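Inspection log for the structure reproduced underneath, given as structure tokens.
The values are calculated or read from the model by the stated rules, or taken from the named source; none is laboratory data. Not measured: the values here are computed from a predicted model. A quick note on method: Cβ atoms are made from the backbone with ideal geometry, for glycine too, and the neighbour counts reach across all protein chains shown. Protein only, heavy atoms only, side chains kept; ligands, DNA and RNA dropped before computing areas. Shrake-Rupley method; radii C 1.70, N 1.55, O 1.52, S 1.80 Å.
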Amino acid sequence: MKKIKAPGKGLSSFQIIIGGFAAVILLGALLLMLPIASREGVVTPFNQTLFTATSACCVTGLVLLDTASHWSWFGQIIIITLIQIGGLGVISVASFMMMVSGKKISLMTRQTAQNAISAPHIGGIVKLTRFIFITTFSVEILGGLAMLPVFIKEFGARGIWKSFFHSVSAFCNAGFDLMGDKSGKFSSLTYFSDNGYITFVICFLLVFGGIGFLTWEDLFFKRFKFKEYKMQSKVILITSLVLFIIPAVLYFIFDFKDFPLKERICVSIFQSLTPRTAGFNTADLAAMTGPGKVVMMILMLIGGAPGSTAGGMKVTTVAVLFANAKAVFSRRKSAHFFERRIEDSTIKNAATILFLYMFMAITGALVISMIEGLPLEACFFETMSAAGTAGLTVGITSGLSLASQIILIVLMFFGRVGGLTLIYAAFVPKELYESKYPVENITVG
């Protein structure tokens, strides 16, 4: 048995990440309570502002109040600021601000930033953070400019704000929209269901934001030399492509078969991408078929890539579990991708993450169903959406009681900071040991 030194008395990087998110959410909730934050100039109840701030900072998109019709310009600015901070990560934003101000980045800050963006090593973390922010702001500005003609045509001068708001919201996979004063409260982007141009721009933004910061490096610096990409980037791109094509085909054939062809194509493509934590929708989700909703719940749980603006348990988690299952079926000793072996610890982490997300989502759904007296399927859809930070809803969120709202708040926070981050932050043993106990077989399956 080998003894390892216990961690220091200070906060761990995981505790700093969680504390940072919690502090930003609380500050955002308090600012949204100010009368100036609402259109009617009234104080919005704390439970509603806390829900909104959590959803924005955790880039989820579930809302109790329609963003366009309830919140003033000030309130919307607070919300989009929370979205930007949550999408990039509280620690990354703090590190970038320190860089801009010329302050020295400490080793602890670098280590925390490394954990926050899932970087493989601490070396070059400052350079990577700078690259992330420059790329983010560039893409968001280009996305806003691309949508500007359409939004100005529909909203006049207000379209300028709306185009850039939706660009940031889409890139950060947040799902907050400002269409409530145009197409009705909680209508999301259904107004543009047959607009191929807006569908393409929004899809590009949410995909680019959801594939991960480290994948950007390969795409930018290695161009189309796929063989030279990091193994993780290859897995992310291929898995994401599969998770896009299969649902799109299923939705086109079964769920939206009564739509006109152009709208059918746009809606099928959009609904296959948006569950991966984007939070927008261009179709009535409550009217979808049962199998269609199940596929959507699976996609919401999976989410995007690690170190991205997206939440969920991540596409790499699913890929690792699939590779492990394939290895078991073929009686191979280890799972692998592209002639690279996967560590057993990675497989254990993937299985644990899947268990955590399923346990939280199922437990939350059961409790909400019992509290509200609602169908379990609808409650399960909402909890999967919250845990996966997807933000899609079948229309029950705004009518939930305070207890159910708290459950969704916890799930959104859990989904954004990550299950393992919470565990590592909560359980910091005073002494750590490496030990191996005697082996005894147990039958599974």
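Sequence-distant contacts, meaning Cα pairs under 8 Å at least 6 residues apart, place the relative contact order of the chain at 20 percent. Each of Lys127 and Arg340 was given a label point 7 Å from its Cα along the Cα-to-Cβ line. The distance between the two points is 1.9 nm. Let a ≥ b ≥ c be the square roots of the eigenvalues of the Cα gyration tensor of region 358-426; is it rounded (a/c under 1.5), or, if not, prolate (a/b larger than b/c) or oblate? Here region 358-426 falls in the prolate category.
Highest GNM mean-square fluctuation among Leu145, Leu88, Leu214, for the chain modelled with Cα contacts below 10 Å: Leu145.
Given 0.36 nm per residue, what is the gain on full extension from Lys262 to Ala403 after removing their alpha carbon distance, in nm?
Details: separation 141, 0.36 × 141 = 50.76 nm, distance 4.24 nm.
In short, 46.5 nm is gained.
Using the Cα coordinates of the chain, the gyration tensor eigenvalues translate into equivalent-ellipsoid semi-axes of 33, 26, 24 Å, sorted from longest to shortest. Just the protein heavy atoms count here, and of the accessible area of region 12-81 at 1.4 Å, carbon and sulfur take up 76 percent. Taking every alpha-carbon pair under 8 Å whose residues sit at least 6 apart, region 136-180 reaches a relative contact order of 35 percent.
Structure remark: mean-square fluctuation, Gaussian network model of the chain, C-alpha springs under 10 Å; the largest value among His70, His166, His336 belongs to His336. At the residue level, Glu40 shows approximately 150 square angstrom of accessible surface with a 1.4 angstrom probe and all protein chains present. Taking all protein chains into account, the per residue accessible area for the chain stands at 48 Å² (1.4 Å probe). Calculation over all alpha carbon pairs of region 178-327 in 10 angstrom steps from 0 returns a P(r) of 11, 38, 34, 15, 2, 0 percent.
At an R0 of 56 angstrom, the distance between the Cβ atoms of Met231 and Glu40 translates into a FRET efficiency of 0.55.
Simple spin-label estimate for Ile152 and Arg331 gives 6.8 nm between the two label positions (7 Å along the Cα-to-Cβ direction from each Cα).
What the phi angles of region 294-306 give under the Karplus curve with 6.51, -1.76 and 1.60, with θ = phi - 60°, is a coupling list of 5, 4, 5, 5, 5, 5, 5, 5, 5, x, x, 9, x Hz, glycine and proline written as x. Enter the Cα centre distance for the pair region 381-415 and region 342-364, rounded to the nearest angstrom. The distance from the Cα centre of region 381-415 to that of region 342-364 comes to 20 Å. The tail of the calculated P(r) for region 293-366, taken as Cα-Cα distances beyond 18 Å, holds 45 percent of the pairs. Restricting the calculation to Cα atoms, region 185-244 yields a radius of gyration followed by a Dmax of 14.7, 47 Å. Need the C-alpha centroid separation for region 320-336 versus region 192-235, integer Å. Taking the Cα centre of each part, region 320-336 and region 192-235 sit 27 Å apart.
Fully extending the segment from Val410 to Arg223 would add 63.3 nm, taking 0.36 nm per residue of separation and subtracting the current Cα-Cα distance.
Taking a 27 Å limit on the Cα-Cα distance, which of the listed pairs Lys127/Lys225; Lys153/Lys257; Lys230/Lys348; Lys222/Lys333; Lys153/Lys293; Lys227/Lys293 fall beyond it? Beyond 27 Å between Cα atoms: Lys153/Lys257; Lys222/Lys333; Lys153/Lys293; Lys227/Lys293. Rounded to the nearest 10 Å², what accessible area does Met360 have for a 1.4 Å probe in the complete protein model? Its accessible surface works out to 50 Å², give or take rounding. When you restrict to C-alpha pairs under 8 Å that are six or more residues apart and normalise by the size of region 122-229, the relative contact order lands at 21 percent. The length gained on full extension between Lys185 and Ser72, counted as 0.36 nm times the residue separation minus their Cα-Cα distance, comes to 39.2 nm.
Partner aspartates and glutamates whose Cα lies under 19 Å from the Cα of Lys262, excluding those fewer than 8 positions away in the same chain, are identified as Asp194, Asp284. Please state the shape class of region 142-247: rounded when a/c is under 1.5, otherwise prolate if a/b exceeds b/c and oblate if not, all from the C-alpha gyration tensor. Judged from the Cα gyration tensor, region 142-247 comes out prolate (a/c at least 1.5, a/b above b/c).
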